[in-house]
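Colleague: Quick one: the structure is below, questions incoming.
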Amino acid sequence: MRSLRPVPDPSTATGAAGPDPGGAGTGPAGAAPLVVTRDPDLLDQVGRLAAAAGTSPAVTGEPAQALRRWTRAPLVLLGADLVGEMAVLGPPRRPRVHVVSTRVVPDDLFRLALAVGAADVSDLPASAGWLTELLTDLGEARVRPARVVGVVGGSGGAGATTLACALGQGAARRGTTLVVDTDPAGPGLDRVLGLEGVDGIRWDALGRTTGRLSARSLRDAVPRRNGLGVLTWAPGAVDLVAPFAAREALSAARRGHETVVVDLPRVLGPVPEEAVAHCDLILVVVVPTVPGLSSAARVCARLADPGRVRLVVRGGADAALVRRAVGAPVLAAMGDQRGLDEAVDLGLGPVRSHRGVLGRTAAGLLDRLELLGEAA
Ligand SMILES: Nc1ncnc2c1ncn2[C@@H]1O[C@H](COP(=O)(O)OP(=O)(O)O)[C@@H](O)[C@H]1O
Ligand SMILES: [Mg+2]
């Protein structure tokens with residue numbers, strides 16, 4: 001078991017044994033999480049959780065020293081014993097400050113926690129699982145969160161769900177991927193991808209969570225085969241997902257995968273809207289008929305931030321005309337995929353062969369998505 005490392009005190013450190021400027025822990029920027037406490041019991045409990053999470057925090061019992069590391073640490077765990085002293089120093093606002101208490105709870109703990117800009121206050125040992133996940137996330141935080149692509153049909157039955165699943169299958173060949181179903185009226189993406197028989201959690205289980213969800217627990221919990229996971233509704237479930245749960249799930253999905261594909265319904269509710277906010281790119285599948293184009297134009301108009309919206313046209317059509325009619329650039333056009341329904345019925349997903357129409361279209365779109373990520 002690893003023990004907590006005390007922060008070297010700059011006033012006493014000399015020469016080569018001088019202060020460690022970044023902390024040698026496992027945070028994304030090479031910085032260790034910071035633990036600020038003098039409570040030996042708290043230190044002991046946090047130490048065990050950190051060891052379980054495979055990280056070694058920097059520890060200080062000196063608020064002035066904590067202040068110097070305050071903004072640089074990827075995460076701050078502030079003991080309830082020092083929250084008052086820290087509040088007096090007025091540390092700069094930053095995300096990911098969590099007040100942790102054992103039995104030393106000042107009367108005005110919540111007011112002081114607010115004063116230091118803490119996100120929450122939690123008790124040990126009751127919150128041990130949650131804190132371990134928080135520390136585990138740090139160890140595995142990706143340098144770059146997942147690229148997120150949303151897919152929405154320009155009109156009913158345009159092929160959005162099919163394309164979302166095809167993108168998921170293509171992306172899974174490149175890295176860990178999650179396809180997220182935000183359309184409760186859809187067919188259930190696990191069924192389309194042939195994952196309906198695979199154990200794992202669905203929205204109904206996540207919809208009840210109220211705490212923070214770690215990237216790893218989401219990635220490991222959803223039905224998954226090889227690199228491709230799916231987050232969808234259980235068959236027959238009509239549970240609505242709370243926007244909070246959706247936000248947590250999408251943020252954990254983004255931290256824990258290389259690519260996240262979201263199947264969006266045409267009429268956005270709170271959950272799809274939450275998802276849209278996470279998208280780097282939104283693909284609208286357009287059927288190039290008069291009703292198809294006018295319906296797609298309305299779908300596009302409802303999506304905020306038109307800069308992220310691109311069209312995928314089903315079948316051949318004049319790209320300039322489609323662009324003018326719908327009001328967004330065309331990224332790809334694709335013919336019909338032969339044997340689609342049969343492939344889905346066999347549990348193979350829409351992409352039976354990556355050389356087929358859908359497989360090639362998905363690969364081209366993913367290339368574009370990657371370029372977009374590099375340009376960002
Ligand atoms: N690329 C495609 N090639 C051939 N048929 C397709 C394609 N995409 C969708 N379809 C057909 O259209 C139906 C509806 O597709 P779906 O993806 O569920 O549309 P949406 O999600 O936009 O409502 C599918 O069951 C399939 O038969
Ligand atoms: Mg659909």
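The values are calculated or read from the model by the stated rules, or taken from the named source; none is laboratory data. Keep in mind it's a predicted model, so treat the numbers as computed, not measured. Heads up, the Cβs are rebuilt from the backbone with ideal geometry, glycines too, and the neighbour counts pull from every protein chain shown.
Colleague: Quick check on the range 146-162. Is at least one of its residues part of a helix (DSSP H, G or I), in contact with a helix residue (DSSP H, G or I) (Cβ under 9 Å, 6 or more places away or on another chain) and within 16 Å of ligand 1 (Cβ to nearest atom)?
Modeller: The answer is yes; a qualifying residue exists.
Colleague: Is at least one residue of the range 182-189 within 12 Å of ligand 2 (Cβ to nearest atom) and outside any loop (DSSP other than H, G, I, E, B)?
Modeller: Within the range 182-189 (the criterion being within 12 Å of ligand 2 (Cβ to nearest atom) and outside any loop (DSSP other than H, G, I, E, B)), the answer is yes, since at least one residue qualifies.
Colleague: While we're here: Within the range 228-239, is even one residue in contact (Cβ under 8 Å) with a residue 60 or more places away in the chain and outside any strand (DSSP E or B)?
Modeller: The answer is no, given that none of the residues of the range 228-239 is in contact (Cβ under 8 Å) with a residue 60 or more places away in the chain and outside any strand (DSSP E or B).
Colleague: Tally up the residues in the range 72-114 that are in a helix (DSSP H, G or I), of a type in the set (A, V, I, L, M), in contact with a Ser or Thr (Cβ under 8 Å, 6 or more places away or on another chain) and closer than 26 Å to S56 by Cβ, please.
Modeller: Number of matching residues: 2.
Colleague: Quick one: in the range 274-314, of everything that is assigned to a strand (DSSP E or B) and closer than 18 Å to D181 by Cα, which residue is farthest from ligand 2 (Cβ to nearest atom)?
Modeller: L281
Colleague: State the number of residues belonging to the range 265-300 that are closer than 21 Å to L167 by Cα and among the small types (G, A, S).
Modeller: Here the count works out to 3.
Colleague: OK, next. Here are the criteria: (1) surrounded by 24 or more Cβ atoms within 10 Å (Cβ to Cβ); (2) in contact with a strand residue (DSSP E or B) (Cβ under 9 Å, 6 or more places away or on another chain); (3) within 17 Å of D181 (Cβ to Cβ). Tell me which single one V271 does not satisfy.
Modeller: For V271, the failing item is (2).
Colleague: May I pose another question? Which one is nearest to ligand 1 (Cβ to nearest atom), of the residues in the range 328-361 that are touching a strand residue (DSSP E or B) at 6+ places or on another chain (Cβ under 9 Å) and of a type in the set (G, A, S)?
Modeller: Selected residue: G335.
Colleague: Looking at G129, G175, which is the one that is away from ligand 2 (no atom under 16 Å from the Cβ) and part of a helix (DSSP H, G or I)?
Modeller: Answer to the check: G129.
Colleague: Right, something else. Kindly indicate whether any position in the range 236-248 is within 16 Å of ligand 2 (Cβ to nearest atom), of a type outside the set (G, A, S) and either within 25 Å of T136 (Cβ to Cβ) or in the same structural domain as V351 (by TED's automatic domain parsing) (or both).
Modeller: No: zero hits.
Colleague: Filter the range 213-227 down to the residues that are in a loop (DSSP other than H, G, I, E, B) and buried (at least 18 other Cβ atoms within 10 Å of the Cβ), then identify the one that is modelled with the lowest pLDDT.
Modeller: For the range 213-227, the residue satisfying everything is L213.
Colleague: Okay, next question. Test of understanding: among P63, P125, P95, P74, which residue is modelled with pLDDT under 90 and farther than 23 Å from R254 by Cβ?
Modeller: That would be P125, the only listed residue that is modelled with pLDDT under 90 and farther than 23 Å from R254 by Cβ.
Colleague: Going through the range 169-190 one residue at a time, which ones are in contact with a helix residue (DSSP H, G or I) (Cβ under 8 Å, 6 or more places away or on another chain) and within 18 Å of L340 (Cβ to Cβ)?
Modeller: Those that are in contact with a helix residue (DSSP H, G or I) (Cβ under 8 Å, 6 or more places away or on another chain) and within 18 Å of L340 (Cβ to Cβ): Q169, G170, V179, G186, P187, L189.
Colleague: I've got another one for you. When the residues of the range 250-276 are filtered to those that are more than 28 Å from A296 (Cβ to Cβ) and not acidic (D, E), which remaining residue is farthest from ligand 1 (Cβ to nearest atom)?
Modeller: For the range 250-276, the residue satisfying everything is R255.
Colleague: Just to check your reading of the model, which residue among L346, L366, L358 is within 16 Å of ligand 2 (Cβ to nearest atom), aliphatic (A, V, I, L, M) and closer than 19 Å to L193 by Cβ?
Modeller: L358
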